Amino acid sequence: MSAPAPVTVSQGHPQRWLILGVICLAQLTVLLDNTVLNVAIPSLTRELGAATSDIQWMINAYSLVQSGLLLTAGSAADRYGRKKLLMAGLALFGVGSLVAGLATTSAQLIAARAGMGVGGALLITTTLAVVVQIFDDSERVKAIGLWSTVNSLGFAVGPLLGGVMLDHFWWGAIFLINIPVAAIGLVAVLALVPESKNPQGDRPDLLGALLSTIGMTSVVYAIISGPDHGWTSATTLTSAAVGAVVLTGFAVWELRVPYPMLDMHFFRNQRFTGAVAGAILVAFGMAGSLFLLTQHLQFVLGYDPLEAGLRTAPFALTIVALNLTGVSAKLLPRAGTPLTIAIGMTCLAVGLAAIAVLGRHGYGGMLAGLVVMGAGVAFAMPAMANAVMSAIPPEKAGVGAGINGTLAEFGQGLGVAVLGAVLNSRFAALVPVAAASLPAALAQAGSAQERARITEAFASGLESSQLVGAGAVLLGGVVAAVLLRRAEQAEGA
């Protein structure tokens, strides 16, 4: 006699909180590797003889492969089993980490990082899909809140952990530390996580998977390469054009194929489109702001990398505190999804503005802004992830997780690119010199007065870019809230 799986899922898995802890640990490891390598750049340049282009590919190979495969990985998890793909992701990530930690050439490290990106794509999509499967409606919001906390924590703690590791070990240790985590996760998933997949067993959409991977990879590469090659360069424009054409072809194909990987009719659901708009702009504001903050703390306020990392910690700690105490989970059922997202994104925008206005010349105002930003992310991110996943049928949970991960990757890349461009244009307008960066401009300065003027110009550029980010996030919150409110009214009617 077959086991009553539907009853188990609807009531919540008996070991669901232990399972959540296991998959959050795996998720944290994946997210740390998005940023942990940045602090190892001097060591890699010195010990591997890596050129600037090599360093760029070491950093970008991971995020490029990961973001390009998210939709495909989610679809495969739905079809072949989320537990199987979660285990495969852990195994690939562990093997890739071992190869990366023992690499002796730049090419080996780049290839290992690409392999880790494949494992990362499988992990990001399957972890959220498993959360949706093992928690019932009454606990799912809290579980997704804790999962979102790990997302924010991984993004913020990466540089700090990297700095601590490099103070005590060689650069390979930042990868080898992943191996025991992957091994423990593999054993725990095998023992604890129930298998789940789409019972309809749709035929695989191979062309859709190929078009999705090529299109997303091209778009993300354009965003990544824009700051270095120039937004109007042939490389950036060609990559963006290829991505736009291929993703258009993907949308047309998905509308015609009988078993689409991504049902394009999801975008007719205002709940889904509202959550999509909000998710992109929260990631936009969070990633762009932290990218700018690290520069502000080091170049303007004079902290070293480890000190700068420690001073961004209140942002992550606020998110952790609000989610672990259940404050975020309690707000959503009381205020409703539209109002919760509006509150969260307003807080995020106010925090960005506070950093711009109050944190220009000291850390005190910046600290207040970081705490308010953390509160905003703690309120908004779980509500939006829950809105995305609830707008998609449970049997498509992997695809939903892939969409959520893709939005986060896209928003983060866009935030760094757009706010970085605002900073650079403002800085160039105030300091009309040939130098391409603040350190280069300071090196050319002939006096202390000129260096002070250059630093002040950079601080002004940071202020402008943070205010642009605040405006974009606030607008996104309004749009998301209006669309979600309309969706609720339509459902009620």
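The values are calculated or read from the model by the stated rules, or taken from the named source; none is laboratory data. Just so it is clear, the structure is predicted and the values come from calculations on it, not from any experiment. Please note: Cβ atoms are built from the backbone with ideal geometry, for glycine as well, and neighbour counts cover all protein chains shown. Side chains included, ligands, DNA and RNA excluded: accessible areas come from the protein's heavy atoms. Shrake-Rupley method; radii C 1.70, N 1.55, O 1.52, S 1.80 Å.
Points worth noting:
- For the peptides 409-418, 339-348, 307-316, the ranking by packing is 339-348, 409-418, 307-316, with the highest mean count of neighbouring Cβ atoms within 10 Å listed first.
- Structure-based [θ]222 nm, the chain - -39500 (n - 2.57) summed over DSSP H runs of at least 4, per residue, nearest 500: -28000 deg cm²/dmol
- With a Förster radius of 22 Å applied to the C-beta separation of residue 488 and residue 395, the computed FRET efficiency comes to 0.40.
- For region 338-355, Karplus couplings with θ = phi - 60° (6.51, -1.76, 1.60), whole Hz, Gly/Pro x: x, 5, 4, 5, 4, 4, x, 6, 5, 4, 4, 5, 5, x, 4, 5, 5, 5
- A crude spin-label estimate for the pair residue 25 and residue 248, with each label 7 Å from Cα along the Cβ direction, gives 4.8 nm.
- For the chain, the spherically averaged projection of the C-alpha convex hull amounts to 23.2 nm².
- Here's the list of aspartates and glutamates a cross-link from residue 83 could span, going by alpha-carbon distance under 12 Å and ignoring same-chain residues fewer than 8 apart: 195.
- Folded to 0 to 90 degrees: helix 178-192 orientation relative to the chain principal axis, Cα: 20
- Modelled label positions at residue 256 and residue 168, each set 7 Å beyond Cα in the direction of Cβ, lie 5.8 nm from each other.
- FRET efficiency, 1/(1 + (r/R0)^6) with R0 51 Å, evaluated for residue 357 and residue 84 via beta carbons: 0.50
- Accessible-area composition of region 264-379, carbon plus sulfur, in percent [1.4 Å probe]: 68
- Diffusion coefficient of region 240-282 by Stokes-Einstein, Kirkwood radius over Cα pairs, 4 °C, 1.567 mPa s: 111 µm²/s.
- Local charge for residue 310 was computed over the other residues whose Cβ lies under 14 Å away, with Lys and Arg +1 and Asp and Glu -1, and equals -2.
- Maximal additional length on extending the residue 313-residue 136 stretch stands at 60.5 nm, based on 0.36 nm per residue less the C-alpha distance.
- Accessible surface, per residue, of the chain when the full set of protein chains is kept, probe 1.4 Å, Å²: 40
- Of the chymotrypsin sites (Phe, Trp or Tyr not before Pro) found in region 117-217, those in coil by DSSP whose Cβ has at most 13 other Cβ atoms within 10 Å are 169, 170.
- Length available on full extension from residue 187 to residue 235: 0.36 nm per residue minus the Cα-Cα distance, which gives 12.9 nm.
- Pair residue 304, residue 428: separation of 7 Å Cα→Cβ label points (nm): 3.4
- With 0.36 nm allotted per residue and the present C-alpha distance subtracted, the residue 479-residue 179 stretch has 103.8 nm of extension available.
- Estimated translational diffusion coefficient (Stokes-Einstein, Kirkwood radius over Cα pairs, 10 °C, 1.306 mPa s) of region 111-222: 92 µm² per second.
- Whole-Hz couplings from phi, Karplus 6.51/-1.76/1.60, listed for region 118-127; x for Gly and Pro: 5, x, x, 4, 5, 5, 4, 6, 6, 5
- Excluding same-chain neighbours fewer than eight residues apart, the lysines reachable from residue 330 by a Cα-Cα span under 19 Å are 142.
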